[in-house]
Amino acid sequence: ALTIVFGRAGSGKDFLTQTFGLKKVQSYTTRPKRPEEERRNPEELSHIFVDSFDSIKVAKKDFWVARKNHYSAEYGALFSQCENADIYVIDPMGVEMFFANLVNNKQKDFAKTIKVVNIRSPFYRRMYRMMSRDLRSIEKRTFKDYIDAYKRAWTRVKEDLKLFKNEKIIAKEFN
């Protein structure tokens, strides 16, 4: 059965899937690859990177379970990607959209088998993880690189404050 995982930026969602060797839904995105993603094989990535969602061919019986703009890029996944996966990492609003799209496309039985998990992590650990990920690709780091990494991480934290206002409600509602 599929488990939907959501959590704030840097909370350890990808770490969880890698540690337990879970088959993750590779959602589509229009965001640029991060430097560390450039060096990985496509099957090791969390996303399938596309220039536009218009280029994605959706089979007749398939449908988008989630599709939205987030952090200035588009993200989405098709039902066919979820059928044989163990885990789907998504944001809180995507959880609601996911279930609504399943119900609207007559997949209530599939929806009943899904568990929803909210990953939580302390603020300082999330900041450290985001900054470390950001700085990993820079060989000779300057003080400015650390300041810039801090600013980008802090921006994500502020965006998460808005996005995760109802995170406890979402986890309870769907389990």
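The values are calculated or read from the model by the stated rules, or taken from the named source; none is laboratory data. Everything numeric here is computed off the predicted structure, so don't read it as measured data. Don't worry about glycine lacking a Cβ; one is built from the backbone with ideal geometry, like all the others, and counts go over all protein chains shown. Each accessible area value is taken on the protein alone, full model and side chains, heavy atoms only, with ligands, DNA and RNA left out. Shrake-Rupley method; radii C 1.70, N 1.55, O 1.52, S 1.80 Å.
Kindly provide the set of residues from the stretch 114-149 that are open to solvent by 70 Å² or more (accessible area, probe 1.4 Å) and either within 21 Å of the chain's Cα centre (by Cα) or among the acidic types (Asp, Glu) (or both), ordered by number.
Hits for the stretch 114-149 are 115, 120, 123, 124, 125, 128, 129, 136, 139.
Of the residues 164, 98, 174, which is of a type outside the set (Lys, Arg), closer than 23 Å to residue 17 by Cβ and at pLDDT 85 or above?
Result: 98 is the single residue among 164, 98, 174 that is of a type outside the set (Lys, Arg), closer than 23 Å to residue 17 by Cβ and at pLDDT 85 or above.
Select from the stretch 27-49 the residues that are open to solvent by less than 50 Å² (accessible area, probe 1.4 Å), in contact (Cβ under 8 Å) with a residue 24 or more places away in the chain and either assigned to a loop (DSSP other than H, G, I, E, B) or touching a strand residue (DSSP E or B) at 6+ places or on another chain (Cβ under 6 Å) (or both) and list them in ascending order.
Matches in the stretch 27-49: 27, 28, 29, 30, 31, 46, 47.
Just one of the numbered conditions (1) farther than 15 Å from residue 27 by Cα; (2) assigned to a helix (DSSP H, G or I) is not true of residue 98; which one?
Here residue 98 meets the rest and fails (1).
Please count how many residues of the stretch 50-65 are aromatic (Phe, Trp, Tyr) and either open to solvent by less than 30 Å² (accessible area, probe 1.4 Å) or under 30 Å from residue 134 (Cα atoms) (or both).
Total meeting the criteria: 2.
Could you tell me whether residue 77 is part of a loop (DSSP other than H, G, I, E, B), more than 23 Å from residue 157 (Cβ to Cβ) and at pLDDT 90 or above?
Against the criterion (part of a loop (DSSP other than H, G, I, E, B), more than 23 Å from residue 157 (Cβ to Cβ) and at pLDDT 90 or above), residue 77 does not qualify.
Filter the stretch 101-117 for residues that are outside any helix (DSSP H, G or I), without any contact (Cβ under 8 Å) to a residue 40 or more places away in the chain and basic (Lys, Arg) and give the result.
Of everything in the stretch 101-117, just one residue is outside any helix (DSSP H, G or I), without any contact (Cβ under 8 Å) to a residue 40 or more places away in the chain and basic (Lys, Arg), namely 106.
Please give the number of the condition residue 157 fails out of (1) within 17 Å of the chain's Cα centre (by Cα); (2) buried (at least 18 other Cβ atoms within 10 Å of the Cβ).
Checking residue 157 against (1) within 17 Å of the chain's Cα centre (by Cα); (2) buried (at least 18 other Cβ atoms within 10 Å of the Cβ), the one that fails is (2).
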